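Quick note: the coordinates plus some simple rules give every number you see, no bench work behind them. These figures come from a predicted structure and were not determined experimentally. We place every Cβ from the backbone using ideal geometry, glycine too, and count neighbours over all the protein chains shown.
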Amino acid sequence: MLRIVHRFLEGTLIEGTSRGDGSAEILKAHGWRWGRSIGMWFVPRSREQVANAAAIEAVRAALVSDGFEVEVDVDQARPAIAEVEQARASRQEARVESLEDRAERAAAQARAAWENVDARIGQLPPGGEPIKIGHHSEGRHRAAIARADRAVSKALAANTEQQTAERRAAAAASHTKGRYSPITVANRIRRIEAEVRATQRDVNGTSARQRSGDESPEVVAWRAQRAEVLVQLQEELEFWQQIRADQVAAGETTNYGPEDVKVGDAVRIGRWWRKVVRVNPTTVTVATEFGRGRVPYAEIQDHRSV
């Protein structure tokens, strides 16, 4: 008995498979992948997503036609955004720890490899003595050079592995920090606000994609589905707005808006002070060495009035 399971935080998984039972070929053909860390097959990019019912049915039918008994357990319930973010942070923390462990092992292997290089070079004749062609020592000399050469190659490969592991660990460690950086949070809020407005138009029947007065069952069902999406988006928006409010209160970021900046004022963007030439609802237009540029208010780090 195989069991296809979907949960919002875990994604779409299948339980009960075993090596050589024939399920792997079917799952791979339908885009599933083997998760070594979790010990089961999964659908890529299905985590934190609504289940793809059509894709699940397709793989279920293929498995059944090959003689498997398959049970499907799909739960479309979406946890609160705070729970989703906590689960994501926990996964990322575990990933960082795993990569840091791998980097430490790679560093140890690199140290051992270079110690082996020193040992192999120490077996060569002192003073850079050349190979004595035809001498009884020629074979030993050539073998020692070959061993030293192989040791150097392995040490260089170990160094590359160490650098790769350290780079991946550093990137993973900065991922969560970057996700909550003030500018990223502000940009995410603007994106969600735009999605809320577009989804609200879908729900109201005023979006460009809908024909005026169309109240067919398909359209009504689609609007109901969009209404569910709207609720989720509004929850996300409230969550990230609170995160930004906390960052502003803690002094981690500024909170300038069109009511704070006037034409002629100076604003600091990164390391540079720029003169404001236009004030817009969501951005300011500033003078640069190359002309003009628009900058979101969230990127203003300081402000000087004229």
Roughly speaking, what is the stretch gain from Glu193 to Arg304, that is 0.36 nm per residue apart minus the C-alpha to C-alpha distance, in nm to one decimal?
-> 37.1 nm
What does the charge count near Leu63 come to, summing +1 for each Lys or Arg and -1 for each Asp or Glu among other residues with Cβ under 14 Å from its Cβ?
-> -4
With each label point set 7 Å from Cα along the Cα-Cβ vector, what nm distance links Ala87 and Ala53?
-> 2.1
How much of the DSSP beta bridge set in segment 2-74 is antiparallel, as a percent to the nearest 5?
-> 65
Quick one: pull the percentage of alpha-carbon pairs in segment 152-306 with a separation above 26 Å.
-> 53
Could you tally the net charge around Gly291, taking each other residue with its Cβ under 14 Å from the Cβ of Gly291, Lys/Arg +1 and Asp/Glu -1?
-> +4
Treat the count of other C-beta atoms within 10 Å as a stand-in for reagent exposure and order Thr283, Thr160 from fewest to most.
-> Thr160, Thr283
Normalised by the residues of the chain, what does the relative contact order come to in percent, with Cα pairs under 8 Å and at least six apart?
-> 12
What is the calculated FRET efficiency for Ala266 to His175, with r their C-beta to C-beta distance and R₀ = 45 Å, to the nearest 0.05?
-> 0.85
Sort Ile133, Ile56, Ile243 so that the residue with the fewest other Cβ atoms within 10 Å of its own Cβ comes first and the one with the most comes last.
-> Ile133, Ile243, Ile56
Find the Rg to Rh ratio for the chain, where Rh is the Kirkwood radius over alpha-carbon pairs and Rg uses the same atoms.
-> 1.16
Quick one: His136, His30, His6, fewest Cβ neighbours within 10 Å first, how do they rank?
-> His136, His30, His6
Tell me, what ³J(HN,Hα) does each residue in segment 283-297 have, in order and in whole Hz, if you take phi through Karplus 6.51 cos²θ - 1.76 cosθ + 1.60 with θ = phi - 60° and put x for Gly and Pro?
-> 9, 10, 9, 10, 7, 10, 5, 10, x, 10, x, 9, 10, x, 4
Give me the distance in nm between label points sitting 7 Å out from Cα along the Cα-to-Cβ direction at Glu218 and Arg294, one decimal.
-> 3.7
